[in-house]
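Here's the structure, in structure tokens; my notes come after.
The values are calculated or read from the model by the stated rules, or taken from the named source; none is laboratory data. Note that this is a predicted model, so its numbers are computed, not measured. Cβ placement follows ideal geometry from the backbone for every residue including glycine, while neighbour counts extend to all protein chains displayed.
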Amino acid sequence: MKDDWFNTGFAKKWDTDTARGNPTRPEQLDILISIITDNYQPGKLVLDIGSGSGQVEELIFKKNPNVRVVGVDSSESMIELAKNRLSKFENNFHSIKKDIPSLKLLDLPQGTYQFVFSVQVFHELNDNEKKDIFKKVYDLLEHNGSLLILDRIDIDSVVFSESYKSIWNRLENLSPLKSNKTYNDYQRSMEAKEDNVTSAENYVELLKEIGFLATILHLHFNRALVIGVKK
């Protein structure tokens, strides 16, 4: 069963419990945010595809309150959470309610887009939808602009099950928020979502097909940070 982002109760529960069951999230988010805030050029725009409850924006603004972010999300429940969380940054955060596959460049504020990023969103889209969004992002970005994708990826959980089990147990032991799930429990819960997960390598190939220079910046367990640069 897919996550019900349009359900207010589900959205609120997810917002208070995002790291549980995703122990690599804090480190990978910090890497993504560091890339954006270290290199952000004043006056330019950053687009978040699937901005959700504004958690990533809050972290960005803590590091650099001058970043200008446009957030797109389809869930009114998540957008309301983001508005409340980011109320003191309302001059730097512009929210748009839009179904992501149908997003058009004309829906977005005009300006120079230096970065586009997306966190845990594209696994819900099929490859054709991914490629369509990547093409729109390529057209939107300035020369040398970057697309950063942090997402759950497809892994061979059968052949390498013992290794992945050890990694999961290690992450659970290190994480301050325990999921209290075994590796097998976790795998079953992920499979039940029926998402369109793809490999990190396939993300790179899809980006290259569009024209990006692309690589995997960070890979840990079943989460990867992939970058595409427009040249």
* **Among residues of region 179-202, those that are buried (at least 17 other Cβ atoms within 10 Å of the Cβ) and either more than 22 Å from residue 226 (Cα to Cα) or touching a residue at least 60 places away in the same chain (Cβ under 8 Å) (or both), counted** => 7
* Structure fact -> Counting only residues that are within 20 Å of residue 153 (Cβ to Cβ), out of contact with any Leu (no Cβ under 8 Å at 6 or more places or on another chain) and touching a residue at least 60 places away in the same chain (Cβ under 8 Å), region 16-47 contains a total of 4
* **Criterion: at pLDDT 95 or above, under 23 Å from residue 201 (Cβ atoms) and touching a helix residue (DSSP H, G or I) at 6+ places or on another chain (Cβ under 6 Å) - qualifying residue of 133, 153** => 153
* To do: Take the residues in region 151-175 that are of a type in the set (Val, Ile, Thr) and within 20 Å of the chain's Cα centre (by Cα), then tell me which one is nearest to residue 45 (Cα to Cα).
  => 153
* In the list 148, 225, 125, 213, which residue meets the criterion of being more than 16 Å from the chain's Cα centre (by Cα) and of a type outside the set (D, E, K, R)? -> 213
* **Matching option when the condition is under 17 Å from the mean Cα position of the chain (by Cα), at pLDDT below 95 and not polar (S, T, N, Q), among 185, 195** => 195
* Look through 77, 51 and report the one residue that is under 12 Å from the mean Cα position of the chain (by Cα), outside any strand (DSSP E or B), surrounded by 17 or more Cβ atoms within 10 Å (Cβ to Cβ) and in contact (Cβ under 8 Å) with a residue 40 or more places away in the chain. => 51
* Among the residues of region 82-122, count how many are assigned to a helix (DSSP H, G or I), in contact with a Lys or Arg (Cβ under 7 Å, 6 or more places away or on another chain) and surrounded by 14 or more Cβ atoms within 10 Å (Cβ to Cβ). => 1
* Being among the charged types (D, E, K, R) and not in a helix (DSSP H, G or I) is the filter here, so list the residues in region 28-48 that pass it. => 44, 48
